[in-house]
1. Mind listing whichever residues of the range 353-374 are of a type in the set (S, T, N, Q) and not in a helix (DSSP H, G or I)?
2. Among the residues of the range 818-863, what is the count of those that are touching a residue at least 24 places away in the same chain (Cβ under 8 Å) and either among the β-branched types (Val, Ile, Thr) or part of a helix (DSSP H, G or I) (or both)?
3. Sort out which residues of the range 518-568 are touching a residue at least 12 places away in the same chain (Cβ under 8 Å), outside any helix (DSSP H, G or I) and farther than 25 Å from Ala760 by Cα, and write them in order of number.
4. For Val260, which of the numbered conditions (1) over 19 Å from Val281 (Cβ atoms); (2) without any contact (Cβ under 8 Å) to a residue 24 or more places away in the chain; (3) touching a strand residue (DSSP E or B) at 6+ places or on another chain (Cβ under 8 Å); (4) buried (at least 16 other Cβ atoms within 10 Å of the Cβ) fails to hold?
5. Note down all Cβ pairs under 7 Å where the first residue falls in the range 792-803 and is closer than 14 Å to Val584 by Cβ, the second is assigned to a helix (DSSP H, G or I), and they're at least six residues apart or on different chains.
6. Any idea how many residues of the range 934-956 are surrounded by fewer than 17 Cβ atoms within 10 Å (Cβ to Cβ) and either assigned by TED's automatic domain parsing to the domain that holds Glu870 or touching a Leu at 6+ places or on another chain (Cβ under 9 Å) (or both)?
7. For the range 662-678, name all the residues that are without any contact (Cβ under 8 Å) to a residue 60 or more places away in the chain and either buried (at least 21 other Cβ atoms within 10 Å of the Cβ) or touching a helix residue (DSSP H, G or I) at 6+ places or on another chain (Cβ under 6 Å) (or both).
8. Taking only pairs six or more apart or across chains, which ones have beta-carbon atoms under 7 Å, a first residue in the range 298-325 that is within 15 Å of Asp341 (Cα to Cα) and surrounded by fewer than 21 Cβ atoms within 10 Å (Cβ to Cβ), and a second residue that is at pLDDT 90 or above and not β-branched (Val, Ile, Thr)?
Amino acid sequence: MRTRAPALVGRGTEIEEIGRVLQDARRSSGSAVFVTGEPGIGKTRLAAEAVGHALEAGLVVLRGRGSTTGPAVPFRALTEALLSLARTGGRELVEQLGPYRSVLGRLIPDWAAGADTAGDSSLVVLAEATLRLTGLAGAGRGCLFVVDDLQDADVETLAVVEYLAANVRTQPVVVLATLRAEPSPALEAAHAVTRRGEGLLMPLDSLGPAEVRDVVASSLGAEPGQVSADVAERLFADSAGNPLVVEELLHSMVAAGELVNGAAGWRFTGHGRSAVPSTLVTIITRRADRLGERGKQLLAIAAVLGRRFPLSVVQRVSELDDHSLFGHLQSAVAAQLLTADERGEDWYAFRHPLTAEALLTLLNPAERVALSAKAADAVAELHPDLPGELCSLAASLRLGAGDRWAAADLYREAAQRALGEGAPGSAIAVLEHAVNLLGDDAGRGGEQSGRYRDLLELLLFALAEAGQFDRAVKVARSLRPADGRDPARQIRVHVRLAWAAQVAGRWAEGFEQVAAARALLPGTGLDEEAVAVDAVDAYLSMSGPAPDRVRRSEELGRRAVAGAERIGSPSTACQALYAVGFVVRERDMAESDECFRRMLDSAAEHGLTNWRNYALVGLGGNAWLAEADPSGLETARAEALRTGGISLAYNADAVLGLHAVLCGRFAEAEQRLDACYAEASRIQLYAVSRYVQMAQAVLAGHRGDRRAMETALGDFRRGGGDAGPEAPLARGLAQVFCSLLEEDRETARAELETLAADQARQQSTFHLAGTHGLKLLLDVIAGDATWDDHRRVAAGATGGMRWNRQFVLLAEAVLHGRDHAPDAAAAAMRRAAQAAAPFGVARPLGLRLTAEAAVDDGWGEPADWLREAESRFHGADVIPVASACRALLRRAGASVQQRRTGTERVPESLRAIGVTLREYEVFELLAFRLSNKALAARLHISPRTVEKHVAALLMKTSVRDRAELARFAAGHASASEV
């Protein structure tokens, strides 16, 4: 007799809503739905109904469940869901993931075949990889991603679900999660997601009396009228409208013969209510009793193991032979107590968590302790390495057996594994659980006290890796001995806190921890600890606010390199070499290259894939700075993508986008930077996002588009750019160039003076902002720089970088020309032309600036240079510079090509009232509220001519005065951008 309702009762509104979101997903309009309610209310049943609807509609279905085995198992539900795709032939989808394939290979080993799994361990990158895979799986048909029992999922899976909910709106994916309506991080996350408008909360209420009657009728295969009112009323009263309890009660009643079907329908037999269980515990107990003592023992062992359990362990503890084991197992499945688990052939699960919880009440405390101990021994014998979640399972069993210290050791091992898998959140949860277990015994001294401190140190490490500085400080207080003994341990605590501050970007606290660590070092002879202090201090110094941060970072980095090599720590040596190589660029590019080559060799020798990629980026960046050669960065980017180094690849991509800007390939640059920014922002690579925002401002500046540049700079500042190391580039490459393209040299020079003063006060690790080349050229042209200034700049490594070198050579040519040495000047101009060849805007701008000095001093071929520059800027619609070139040609007595064509630049509304091209050029600059004299200087015409054009514009636009004309021009410009 069937006692499970085949029909879903009382959830019509919810099913209708789920059907709607599934249809939307097929049109690439995804959503997230969080089904909440008490245990047994029907959350999983509703999810199963959604799965049925999805399969009927042709959607792909992925399904995973949270785990209650141990305190946390990283990515348990996520792995289970992806395994269902792997079993149905998802490899062709995985092949389309590119660099994200190796990221998912951490979860599904089959997918890692042929890929380097030493890729990006970022949790955000893993979430992005999952989003991309589900999007590919659902392309053209939709995908339903179900996570059952989200409240039991590890914190990493919860973070992935939150990320999917936030980003699934434009994907063909529905995320459906079920979770208990009890206080938990999962419920808090579900409420937060719905408050942000990123998901739908779907709470399930208890069924009413009529709906309970329908459940009973459906379960019994009858019409509602065939179920007597007293049966429906009693079941409603005993179940409180919980569908699972209704079904469990009904099953027990029918199996016991207390509810029978007769001529008048389903009725009670009248044998009294005493035999009818009133709670689910009693129901489960009776059903377990019907399986016999050995079957009941099998269920009790399984309940000790948890909701999901490996059958081999149950067999080892129960000592049943294969025939008996599977006979009892089949009986338990038939009794709807157990079901096969999707994890594999050896795994089974209770149909509902309440079943396992109820079965545990069958055991007295002594029995639970004994079974836990036997199960723990069985797990260790069958799986000595305790792979995967078995480590946490063994820990929970040792805990159940009363051996808290053995449990703590296993939890520590599980936490270390979680850290190795890039899951510090799970490690923190496991370690805090272990610490809470042992708190009462922690102060007893001896070996136990040391083991407890080891747990705390690992917890401190995990909190530091997660950047949770405040929580790390609390743990550190527990680690500091009151008598000040064991300075090595105290130093390690401070170093770990300093790293936590570095990860969190809290430089002041980081430096305080470094100072505290250094105060403990004198006289201890702790070499390894001293190296660790230097290493973290080098990184803090490089990112910190100190004026001499570059010098100090180099000093510390060199000391850390020597120390790491002495103590045999290749990873630390690579880390320190990267810091040194980065900061010595300003002084010696060859030495910087050597640092990165040493990194490359060491990383290759010791299999340090991540540091190998960093070395390639360092070498590629040096080649780009030295000769504007992007091939090394392209190679580094490709290698990072191949090995799953997503964040490093985007870092290289951002620099390559800036390279395209400097080379004048604006369309390519815009496309590359926009794509890089979208991806970097999506996966929360904030440093890369800021760099791209800076490059986007440079792009606008090199186009001479001040409004677009100011918009980009506003975004850059809102992202914290002004306080970051990219700020000099935003000023020098964007603002200074835009001013020069507006022929506002006075503002450009003032900006460079301020920038030089700032960099004199605080060292910078970015060298293309203008203080090592462009400023020298402008100062030489203005007569404010001499040969001594030139020699000082040219002698430095930064002055030899190709971007800077073009300006240094132009300044040399001007100085030679001023000294009446035309041959030397010509030779310098030839070298400058070679250096400037890649740069689309800098080359013609340099010609325009140098030609002015050549006209004044009577040397070189300024007419040829001006014609080249004028043609370039006229074609790029940079009118102020093109006009300046034509004015200089007239001053040099050279022929000037007339540029009266181009009236298409004048908007149709202004052409219709007779505004000419020259009047429009004045009109555009009026938006900046410049005086007539300033306008004349920008356009290289006389102030009187400007006055005439302004008068004509006043008449043609019918505005009252010049102020109103300026407002009209500004409004017209804003409207044209929309």
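The values are calculated or read from the model by the stated rules, or taken from the named source; none is laboratory data. Predicted model, so just to flag it, every value in this text is computed and none were measured. All Cβ positions, even for glycine, are placed from backbone atoms using ideal geometry, and neighbour counts span all protein chains on display.
1. Step one: list which residues in the range 353-374 are of a type in the set (S, T, N, Q), which gives 355, 361, 364, 372.
Those that are of a type in the set (S, T, N, Q) and not in a helix (DSSP H, G or I): Thr361, Asn364.
2. Total meeting the criteria: 25.
3. Correct list: Leu521, Thr524, Leu526.
4. (4)
5. What qualifies is Ala797/Arg585; Ala797/Glu586; Ala797/Met589; Thr798/Glu586; Thr798/Asn804; Met801/Leu625; Met801/Ala626.
6. Looking only at that region, the number is 4.
7. Those that are without any contact (Cβ under 8 Å) to a residue 60 or more places away in the chain and either buried (at least 21 other Cβ atoms within 10 Å of the Cβ) or touching a helix residue (DSSP H, G or I) at 6+ places or on another chain (Cβ under 6 Å) (or both): Glu668, Ala669, Arg672, Leu673, Cys676, Tyr677.
8. Partner pairs satisfying both residue conditions: Ser312/Leu382.
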